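This report concerns only the one structure given below.
The values are calculated or read from the model by the stated rules, or taken from the named source; none is laboratory data. Keep in mind it's a predicted model, so treat the numbers as computed, not measured. Quick reminder, even Gly has a Cβ in these numbers, built from the backbone with ideal geometry, and neighbours come from all protein chains shown. SASA here: full protein model, heavy atoms, side chains in, ligands and nucleic acids out. Shrake-Rupley method; radii C 1.70, N 1.55, O 1.52, S 1.80 Å.
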There are 4 protein chains.
Amino acid sequence: MSGNTLGKLFSVTNFGESHGPAIGCVVDGCPAGMALSAQDIQVELDRRRPGTSRHVTQRQEPDTVEILSGVYEGKTTGTAIGLLIRNQDQRSKDYSAIADTFRPGHADRTYWEKYGIRDPRGGGRSSARLTAPTVAAGAIAKKWLSEKFGTVIRGYMSQLGPIQIPFKSWDEIATNPFYAPDASVVPELEAFMDQLRKDGDSIGARIEVVAQGLPAGWGEPLYDRLDADIAFAMMGLNAVKGVSIGAGFECIAQRGSEHGDELTPDGYLSNHAGGVLGGISTGQDITVSLAIKPTSSIRIERKSINRAGEPVMVQTLGRHDPCVGIRATPIAEALLALILIDHALRQQAYR
Amino acid sequence: MSGNTLGKLFSVTNFGESHGPAIGCVVDGCPAGMALSAQDIQVELDRRRPGTSRHVTQRQEPDTVEILSGVYEGKTTGTAIGLLIRNQDQRSKDYSAIADTFRPGHADRTYWEKYGIRDPRGGGRSSARLTAPTVAAGAIAKKWLSEKFGTVIRGYMSQLGPIQIPFKSWDEIATNPFYAPDASVVPELEAFMDQLRKDGDSIGARIEVVAQGLPAGWGEPLYDRLDADIAFAMMGLNAVKGVSIGAGFECIAQRGSEHGDELTPDGYLSNHAGGVLGGISTGQDITVSLAIKPTSSIRIERKSINRAGEPVMVQTLGRHDPCVGIRATPIAEALLALILIDHALRQQAYR
Amino acid sequence: MSGNTLGKLFSVTNFGESHGPAIGCVVDGCPAGMALSAQDIQVELDRRRPGTSRHVTQRQEPDTVEILSGVYEGKTTGTAIGLLIRNQDQRSKDYSAIADTFRPGHADRTYWEKYGIRDPRGGGRSSARLTAPTVAAGAIAKKWLSEKFGTVIRGYMSQLGPIQIPFKSWDEIATNPFYAPDASVVPELEAFMDQLRKDGDSIGARIEVVAQGLPAGWGEPLYDRLDADIAFAMMGLNAVKGVSIGAGFECIAQRGSEHGDELTPDGYLSNHAGGVLGGISTGQDITVSLAIKPTSSIRIERKSINRAGEPVMVQTLGRHDPCVGIRATPIAEALLALILIDHALRQQAYR
Amino acid sequence: MSGNTLGKLFSVTNFGESHGPAIGCVVDGCPAGMALSAQDIQVELDRRRPGTSRHVTQRQEPDTVEILSGVYEGKTTGTAIGLLIRNQDQRSKDYSAIADTFRPGHADRTYWEKYGIRDPRGGGRSSARLTAPTVAAGAIAKKWLSEKFGTVIRGYMSQLGPIQIPFKSWDEIATNPFYAPDASVVPELEAFMDQLRKDGDSIGARIEVVAQGLPAGWGEPLYDRLDADIAFAMMGLNAVKGVSIGAGFECIAQRGSEHGDELTPDGYLSNHAGGVLGGISTGQDITVSLAIKPTSSIRIERKSINRAGEPVMVQTLGRHDPCVGIRATPIAEALLALILIDHALRQQAYR
């Protein structure tokens, strides 16, 4: 209830801090009998891992996952799966200065106001590092959805700051560190990022996530709609300020005669709905957009206050992603997978 | 689990269909000792009620609420509050034609695929009529938040189709049927709607909701963030396709030096965060935007299929809102109130 | 969260007070497509109904149930089922004397201490009258279990105060108002009860409930075991002070060589486990025992205090069951059905 | 939902198998600011630890706990607390024989029927070893209850097979390995156990747990009563077949004039209620009794079947507790603490 669990029938309970001894999660509700190895999970963790290009944080974390339970002789047993990732590259520096100051745009002050205490080391619990266990759990969800329904969940960056990135091909995404679906834009993205680092500033991004190959019928009206749960999961991702499905905010200016997807014996003629009607999957692609804010950790000095309420100037040095959106794609995929498996199991319960 | 409950410590369990005998809900977790009368709830129901202008559905429903339990001598007792609204204006016409056809943009087909059965009368369970119990529960939440914290929750329409509606004043909202905060735009809105009805078409809208006067510290990182729960509730509202907080999708093109809200001893200097950092309230205004799709029920003929999978043309007659966004404001306010009281109680549990 | 919901995948949210306008519940998670009429539910309500013999309370309540939603053309639609029972025989007498006094053995004082307010009319929310909605929901669960798995859930009284009631036959239970499985004991029970009423006192009882014909594999180790959930539901029934499964408290003096049920190709050779091993159903009969305390409402004067903390003598007049155990059998059956359907659906989710 | 989480506002999510690499849990909802060290938890784990006398299993496990998160500079931060216990004394022997056979009284067959797969090593997930994380979490709950309310939670063995153990003093419990409150009975218990081991048999036991020093008002009527949640937690403990509160099964033969606890300005005159009325704490001692079945692992040969359904004789060798009740006391204390803290937080939420 204190908020560290995602999902009802397939649930992930997350623990850890950025600079504590370890992070991890317990995955509860994975159906029995699925082949599962640490490597199956590691593949996804490696996609999210820091330090893999000059455009992301240089913190070196292998993010090696250990399966502690729930798997016997290479198969899931239906019981809770404990996953552990040891932190390796904690810095032993003194955090007392940071501990006393609230960084603008960060959760420093809200944690302080909520709990009266906070772990300031690298953002503590509010660090995006805690998305690693989510990605690990999502890897299990992805595998099950793929094997059981042939569902494919993929994402990409469609905008980096002012630069629109057209969708060219799923194949181009893995060829560049931005998850850009059009490799020809990459030089422009790199130049933008290089200048941004020189400026000591950060930038926002837009991420698209798509699930293909799932049946109609997933989702629970009324309140626990499939799109509501997707919005919940995505808005719960660090730095996300907006979530949309299908036509999203463009639907505001649409007429019903344009927006409503017509049906023929061969299927829907469009997908403004983004694969969800009345909170239930239509069987079309689920299409989700995320707006990700610029990283709050920047070298440019900013006004803030300390715990005593006195004015201070804050400059955030250290290792940071200048665009958290760059590493957000595998995380958003994981979140979508986690919501989909949860609703898949819910649908199985009642059918 | 079948999805009809919203909230954890303050929860609403909703039941009913558009043309069944009654709709209603059970509100569980309302703190004891608050003065509460049916009239306190009726005021909010009347704001959402159909038939109050020519721009909304002409169905005549008084939406009179009866409190069945949980209140003794005018005060809440801390036990479950049963709320009942009898449907009055059901039409006794034959629904067999509609029952056999899937209307584009509606949940007809997804309900069918999910359950293998559906109540076709007026959309059955998927009707926006089921937002009435949500509004009733939200009235209780609003009252408690107002009395306990002085929280004020208000909303308005900021865009109707192509027409932007500037924010002029909270006072102007109640003066027109659109919840427009600038009454000078109303003639333009009316003309647009009148033409739309003639066309037999419908239109989308954008709604803003704002909560003012709540303390810092509400929200549970990690997953059950305050903004995640708001996104969940809002995306769960019929016809919503996008939700954003604070700067929303504009954050994509923002730099960190612009987006991050600076702090001074006198407070924050801006509110791009929309009142939530790290999933926890900052004490600033909570600002939420909703994208609402055009009504799927239009008179214009559209392609679809029937249950046998054969092609049919569908024209939706009857009584419908040509812009569901017009009545969405009080519903969105109710949803925000329900999420806020839930997190207020959660925070009380742990402090 | 405030406690008025039972079950996870098949859940019942209960509302109402003994002397309020109505009691009822919302049943969420009933699978779609099952035939269901008000009469299906009424049958079970009539078994629990007051006023049916001189040995139970003389309050006259028809307990007529109205289905408000979730059923269309005689079949469940998979959406929330609203059930309403209007209270008919509230007494309009002045409760101010009772309102000021805490009756020994009742929840008067604990409600007061918890909420700072309470509805004193007939026990308000703490009245056993609130088991009626549970029985109504249980009727739906029973029907589904019976149709889907052939499960039969039945109970009986095995002890009334000092009188042991041997199990003779399921057929004898319906022939007497005590749910006694041996009608030859009934005269002794009647004589005992008649004397008890003259004494103005009350008495405890023991109830057995048995579920037959369910598959192995229901239950979720570790913590949400099938037996744990059964214990939860039964101990949550008014007046229950003890719950046991299978051999129950007799297992204390048993040796492993006696207790452990041996297996053969033809099945288990005994059922000390009561149909549950490791929290999971074995496929044998589920056997549950309940200890029910004597009614707290008695005519004999007892010491207590009032709200001012002053000593008072309390004599509880009015209409009361001298042995709440007599009407407990259909309620315990309903509770067992509700737990079983919940776990049946959970098992369907994961298999 | 798959059952591995206990508690709502203070929750424990448990993972691990008897012979896997590690066991542990995530504690979610511990209020911030409480001093907490590994040693605070270790003390309770050591009370449950195997191998501490000749009357319990000789498996050597130090059960050393590592705090992975949720504590900063010696204080809880309000975020999830990850606890890890590495298994040390797994045996590398071949389990293939056991894997193929269902041991009578064990969960071998039910796991098999539920999941279609099971980890047979030492009982896998169904092993009582998984109570260690519960005890670790309970240590945190105990500490908070003690510091905040002065609540003391203690238990003892009141019966070992046929031997009744009178309550003499809380001080005598720590002086013997049986948690017997009367040390003079210990020689008799030791002689009984020594003979039992020679016989290759096992025995049941009865445990009492008592919570003293908690306020009135904890518990949520109706369904989530305090006693219902206690029954749930206790019946969920391995080998428990019966749970009672206060007078328990003795209430069956009691009259209301005897059972109902009278009140005076100085307090209650008796405690047949066991500290709970109407599901809410009275402020008196919470008194709970558990019936624990004899260990299913015995050397005496018993009839069973293998996975092929063929008859086999089973003799369970290896390291086992001949009376699981002996080590059950600290576990039952932990469970009671976990339920009480959960309801303490729930009450804080609403007051």
(message) For C:Ser244, B:Ser270, give me the order by solvent-accessible area with a 1.4 Å probe, most accessible first, ignoring ligands, DNA and RNA.
(response) B:Ser270, C:Ser244
(message) Along each principal axis of its Cα atoms, how long is the stretch A:93-350 end to end? Whole angstroms, biggest number first, please.
(response) 66, 43, 38
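When only the heavy atoms of the protein chains count and the probe is 1.4 Å, how do B:Arg299, A:Arg302 rank by accessible area, highest first?
Putting B:Arg299, A:Arg302 in descending order of accessible area: B:Arg299, A:Arg302.
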(request) Of the options A:Pro31, A:Ala99, A:Pro166, report the single residue whose Cα projects farthest towards the positive end of the charge dipole of chain A (beta-carbon charges: Lys, Arg +1; Asp, Glu -1). (result) A:Ala99
(message) Residues of the stretch D:34-73 with the amide nitrogen closer than 17 Å to a label point 7 Å from the Cα of D:Arg319, along Cα-to-Cβ, please.
(response) D:46-65
(request) Using a 10 angstrom cutoff on alpha carbons, build the Gaussian network for chain B and name the most mobile of B:Arg255, B:Arg47, B:Arg129. (result) B:Arg255
(message) Report the D-C buried area as the accessible area lost on both sides summed, probe 1.4 Å, in Å² to the nearest 100.
(response) 8400
(request) Report ³J(HN,Hα) in whole Hz for each residue of the stretch B:284-299, in order, from the Karplus equation J = 6.51 cos²θ - 1.76 cosθ + 1.60 where θ = phi - 60°; Gly and Pro get x. (result) 6, 4, 7, 10, 10, 10, 10, 9, 10, 6, x, 3, 7, 7, 10, 7
(message) Residue by residue through the stretch D:257-267, what is 3J(HN,Hα) from phi via Karplus (6.51 cos²θ - 1.76 cosθ + 1.60, θ = phi - 60°)? Round to whole Hz and write x for glycine and proline.
(response) 5, 9, 6, x, 6, 6, 10, 10, x, 8, x
(message) Limiting things to C-alpha atoms, what are the Rg and the maximum Cα-Cα separation (Dmax) for the protein assembly as shown, in angstroms?
(response) 31.0, 96
(message) Roughly how far apart, in whole Å, are the Cα centres of the stretch C:288-351 and the stretch C:1-49?
(response) 17
(message) With every protein chain kept in place and ligands, DNA and RNA left out, what is the accessible area per residue of the protein assembly as shown? Probe 1.4 Å, answer in Å².
(response) 30
(request) Please report, in cubic angstrom per residue, the volume enclosed by the convex hull of the alpha-carbon atoms of the stretch D:277-351. (result) 182
(request) Give me the accessible area of C:Trp218, 1.4 Å probe, in Å² rounded to the nearest 10. (result) 10
(request) Kyte-Doolittle cut-off 0.5, length cut-off 27 Å along the helix's own axis using Cα: show which whole DSSP H helices in chain C pass. (result) C:328-350
(request) Kindly provide the pair-distance distribution of the stretch C:1-125 built from C-alpha pairs, with 10 Å bins from 0 and whole-percent values in order of increasing distance. (result) 11, 33, 33, 18, 5, 0
(request) Work out from phi, with θ = phi - 60° and the Karplus expression 6.51 cos²θ - 1.76 cosθ + 1.60, the ³J(HN,Hα) of each residue of the stretch C:269-279, listed in order in whole Hz, and give x for Gly and Pro. (result) 8, 7, 9, 5, 6, x, x, 9, 10, x, x
(message) Amide H of A:Arg255 versus every other amide H placed in the peptide plane: which residues, excluding those fewer than 5 positions away on the same chain, fall under 5 Å?
(response) none
(request) Mind grabbing the accessible area of A:Thr64 for me, 1.4 Å probe, Å², rounded to tens? (result) 80
(message) Under 5 Å between amide hydrogens, which residues at least 5 positions from D:Val312 or on another chain qualify, with H placed 1.01 Å from N in the peptide plane?
(response) D:Ser304, D:Ile305, D:Asn306
(message) Please compute the length gained on full extension between D:Glu73 and D:Glu188, using 0.36 nm multiplied by the number of residues separating them and subtracting their Cα-Cα distance.
(response) 36.6 nm
(message) Could you work out the pair-distance distribution P(r) of the stretch C:144-237 from its alpha-carbon pairs, with 10 angstrom bin width and percents rounded to whole numbers?
(response) 14, 34, 30, 16, 5
(request) Obtain the nm distance between the two label points defined at B:Asp100 and B:Ala38 by a simple spin-label model: each point lies 7 Å from its Cα along the Cα-to-C-beta direction. (result) 4.3
(request) Please identify which residues in the stretch C:55-92 have an amide N closer than 16 Å to a label point set 7 Å out from the Cα of B:Arg86, following the Cα→Cβ vector. (result) C:66-69, C:84-87
(message) Less than 26 Å apart at the alpha-carbon level, and either on another chain or at least 8 residues along: which lysines does that give for D:Lys75?
(response) A:Lys93, A:Lys114, D:Lys8, D:Lys142, D:Lys143, D:Lys148
(message) I'd like the accessible area for C:Ser296: 1.4 Å probe, protein heavy atoms, all chains in place, Å² to the nearest 10.
(response) 20
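Can you figure out the FRET efficiency of B:Ser53 with C:Asn271, using R₀ = 51 Å and their beta-carbon distance, to the nearest 0.05? Could the numbers behind the result be given before it?
Details: r = 68 Å, r/R0 = 1.33.
My answer for the efficiency is 0.15.
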(request) Once you've got the GNM for chain B with C-alpha springs shorter than 10 Å, pick whichever of B:Lys75, B:Lys168, B:Lys198 has the biggest mean-square fluctuation. (result) B:Lys198
(message) Just to verify a number: FRET efficiency for C:Lys198 and C:Asp171, C-beta to C-beta distance, R0 = 25 Å, to 0.05?
(response) 0.20
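Can you pull the percent of the protein assembly as shown's accessible area that's carbon plus sulfur, 1.4 Å probe, other chains left in place?
Ligands and nucleic acids excluded, carbon and sulfur reach 49 percent.
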